[in-house]
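A.B. asks: Dumping the structure here so I can ask a few things about it.
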Amino acid sequence: MIVIVISALLLALILIRVPIPFAILGAAGVGLLWIGGLGNLVGIFEVIPMSAVGSNSLAAIPLFIFMAHLVLKSGVLASLFTSASTIIGRVRGGTGIAAVLAGAGFAAVSGSSTAAAATLAHTSTDTMLKQGYSRRLASGTVASAGTLAAMIPPSILLVFYAITAETSVGKTLLAGVLPGLLMGFGLALTVWVMGLRGHAPATEATHWTAKLKALSGLLPVLVLFVIVVGTVFLGIATATEAAALGCLGGFLLMVWTKTVNRSNLRSALVGTVSSSAMILAIVFAAHVFGVFLTETRVTPTVVDFVQGLSIAPMLVVIIFAFVYLVLGFFMDQMAIIALTVPVTLPVIEALGFDPIWFGVIVILLAEVGLITPPLGLNAFVVARAANIRVETVFLGSVPFIIAMLIVTALVFAFPELALLLTVTAN
């Protein structure tokens, strides 16, 4: 009974737009006060802060965020879209495909879906509109391309899931590589199909010398991606150490482009602190909520209940996936992970499924939530940046949502797509 009441309180706080960390913390605090009184609550707050944010794995989050800010300030991402357009050449929907490719490149060094969507909206939407793309297709392409940062390493969501689920951060990041690339292929294929149906024009042909020159615009991103993911795959570095190497690489890019100055460094640091503080606040609040769940014995009760049901284990996972899909329509992705994974993951493990594979499924469904109403953060970001009605962005995202769900179904049916690199990694 108490869990239902506290869950309703939490939902109410979120609906009235109380900041996510305070909503979680407030609901958990009321629950703990209800169970054990003020002494219990004070005792928990004396212990939780250090245990919640003192993990070495958590250092990967601010480091990856700092790396993204450094790369942004270096200016190398500004040419991603034009370079991709030149390389693709004369293809139906080529400019839209270039936006998807640029989104994948941005994802490979940023880990932030909203930042990717905002940057792509500024650099590619106008070009597509001038070439004859409808506002619906142009905005939908950009919004969906931005979601790739949720899956392709160094995805902040993947790191957050790994920490919440207490699995290997490095292996979880590696698990996102193939599904992320498959998702990018699915989005690009969708643009191409729309082009064949007359919704997107062909781009101009480009000479091979121009293609080779444009390839140099992609090299900095590719090199940084190989450094971060390659060192983890080969066992040379942990995820946190790879993030630190990424920061060094980002700084060297700033040196190379001669953008190192006090203003850029201050902006990168302030942006990193701001984003990291929000994420760490959610981590802290989630730990307090986790204590509440432990004291109410919710998790073992749910595990026992599910194991007692005479239904196929895969059906349980399908039900969980549907719940995550629906939650993504209304809640922040990090909040969903923080609140649900401590309950759903023990059930998944008890049924014999791999927690990293399940995490990839959760993040894939979280990507869908970024471009679906009513929350759809990427859709709002693109609408604001490109001066397009958000309803238009949502409608334009529909074909891409279908593609994303197909890719999710493939990873669901073939777990090897997520686990292959985790098995072969050193």
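A.B. asks: Can you name every residue in the stretch 24-40 that is over 12 Å from GLU295 (Cα atoms) and not small (Gly, Ala, Ser)? Before the answer, list the steps.
C.D. replies: The initial filter retains those residues of the stretch 24-40 that are over 12 Å from GLU295 (Cα atoms), namely 24-27, 29-30, 37-39.
Answer for the stretch 24-40, where residues must be over 12 Å from GLU295 (Cα atoms) and not small (Gly, Ala, Ser): ILE24, LEU25, VAL30, LEU38.
A.B. asks: Further question: If you go through the stretch 98-115, how many residues are within 15 Å of VAL71 (Cβ to Cβ) and at pLDDT 80 or above?
C.D. replies: Count: 8.
A.B. asks: Going through the stretch 139-174 one residue at a time, which ones are over 15 Å from PHE233 (Cα atoms) and part of a loop (DSSP other than H, G, I, E, B)?
C.D. replies: MET151, SER155, GLU166, THR167, listed by residue number.
A.B. asks: Now for a different question. Among (1) within 30 Å of LEU280 (Cα to Cα); (2) touching a helix residue (DSSP H, G or I) at 6+ places or on another chain (Cβ under 6 Å); (3) without any contact (Cβ under 8 Å) to a residue 40 or more places away in the chain, there is one condition THR172 misses while meeting the rest; what is its number?
C.D. replies: Single failed check for THR172: (3).
A.B. asks: When the residues of the stretch 393-409 are filtered to those that are among the small types (Gly, Ala, Ser) and touching a Leu at 6+ places or on another chain (Cβ under 8 Å), which remaining residue is farthest from ILE363 (Cα to Cα)?
C.D. replies: The residue in question is GLY396.
A.B. asks: All but one of (1) modelled with pLDDT of 80 or more; (2) part of a helix (DSSP H, G or I); (3) of a type in the set (Gly, Ala, Ser) hold for ALA214; state the number of the condition that does not hold.
C.D. replies: Every condition holds for ALA214 apart from (1).
A.B. asks: Let me ask you something else. Is at least one residue of the stretch 318-335 over 25 Å from the mean Cα position of the chain (by Cα) and part of a helix (DSSP H, G or I)?
C.D. replies: no
A.B. asks: Which of the residues belonging to the stretch 404-426 are hydroxyl-bearing (Ser, Thr, Tyr) and more than 12 Å from LEU182 (Cβ to Cβ)?
C.D. replies: THR422, THR424
A.B. asks: Could you tell me which of the residues ALA386, ALA366, ALA338 is touching a Leu at 6+ places or on another chain (Cβ under 9 Å), hydrophobic (A, V, I, L, M, F, W, C), crowded, with 22+ Cβ neighbours inside 10 Å and over 16 Å from PHE412 (Cβ atoms)?
C.D. replies: Within the list ALA386, ALA366, ALA338, the selection yields ALA386.
A.B. asks: Consider only pairs whose beta carbons are under 9 Å apart and that are at least six residues apart or on different chains; among these, list those whose first residue lies in the stretch 357-384 and is at positive phi and whose second residue is of a type in the set (A, V, I, L, M, F, W, C) and surrounded by fewer than 24 Cβ atoms within 10 Å (Cβ to Cβ).
C.D. replies: GLY376/PHE329; GLY376/VAL390; GLY376/PHE394
A.B. asks: Going through the stretch 66-92 one residue at a time, which ones are crowded, with 24+ Cβ neighbours inside 10 Å and in contact with a strand residue (DSSP E or B) (Cβ under 8 Å, 6 or more places away or on another chain)?
C.D. replies: none
Every residue, every condition in (1) in a helix (DSSP H, G or I); (2) modelled with pLDDT of 75 or more; (3) surrounded by 19 or more Cβ atoms within 10 Å (Cβ to Cβ), yes or no:
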| residue | (1), (2), (3) |
| --- | --- |
| VAL18 | no, yes, no |
| GLY26 | yes, yes, no |
| GLU46 | yes, no, no |
| PRO49 | yes, no, no |
| SER57 | yes, yes, no |
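A.B. asks: Do you know which of the residues in the stretch 308-329 that are at pLDDT below 90 and more than 26 Å from LEU11 (Cβ to Cβ) is surrounded by the fewest Cβ atoms within 10 Å (Cβ to Cβ)?
C.D. replies: SER310
A.B. asks: A follow-up question, please. Can you confirm whether the stretch 71-92 contains a residue that is in a helix (DSSP H, G or I), within 16 Å of SER276 (Cβ to Cβ), touching a Cys at 6+ places or on another chain (Cβ under 6 Å) and aliphatic (A, V, I, L, M)?
C.D. replies: So the first thing to find is which residues in the stretch 71-92 are in a helix (DSSP H, G or I), and the list is 71-74, 76-88.
Subset that is within 16 Å of SER276 (Cβ to Cβ): 72.
Now drop any that are not touching a Cys at 6+ places or on another chain (Cβ under 6 Å), which leaves none.
No.
A.B. asks: Name the one entry in PRO399, PRO374 that is more than 15 Å from the chain's Cα centre (by Cα) and modelled with pLDDT of 90 or more.
C.D. replies: It is PRO399.
A.B. asks: Sort out which residues of the stretch 274-299 are without any contact (Cβ under 8 Å) to a residue 24 or more places away in the chain and assigned to a helix (DSSP H, G or I), and write them in order of number.
C.D. replies: Start the filter on the stretch 274-299 by keeping residues that are without any contact (Cβ under 8 Å) to a residue 24 or more places away in the chain, which leaves 274, 277, 294, 297.
Hits for the stretch 274-299 are SER274, ALA277, THR294.
A.B. asks: Next up: Return yes when SER134 is of a type in the set (S, T, N, Q) and surrounded by fewer than 24 Cβ atoms within 10 Å (Cβ to Cβ) and no when it is not.
C.D. replies: Taking the combined requirement at face value, the residue satisfies it.
A.B. asks: Can you find a residue in the stretch 181-198 that is closer than 23 Å to SER113 by Cβ, of a type outside the set (A, V, I, L, M, F, W, C) and not in a helix (DSSP H, G or I)? Please lay out each step first, then the result.
C.D. replies: The initial filter retains those residues of the stretch 181-198 that are closer than 23 Å to SER113 by Cβ, namely 181-192, 194.
Now restrict to residues that are of a type outside the set (A, V, I, L, M, F, W, C): 184, 186, 190.
If we keep only those that are not in a helix (DSSP H, G or I) as well, we get none.
There is no residue in the stretch 181-198 that is closer than 23 Å to SER113 by Cβ, of a type outside the set (A, V, I, L, M, F, W, C) and not in a helix (DSSP H, G or I).
The values are calculated or read from the model by the stated rules, or taken from the named source; none is laboratory data. Note that this is a predicted model, so its numbers are computed, not measured. Quick reminder, even Gly has a Cβ in these numbers, built from the backbone with ideal geometry, and neighbours come from all protein chains shown.
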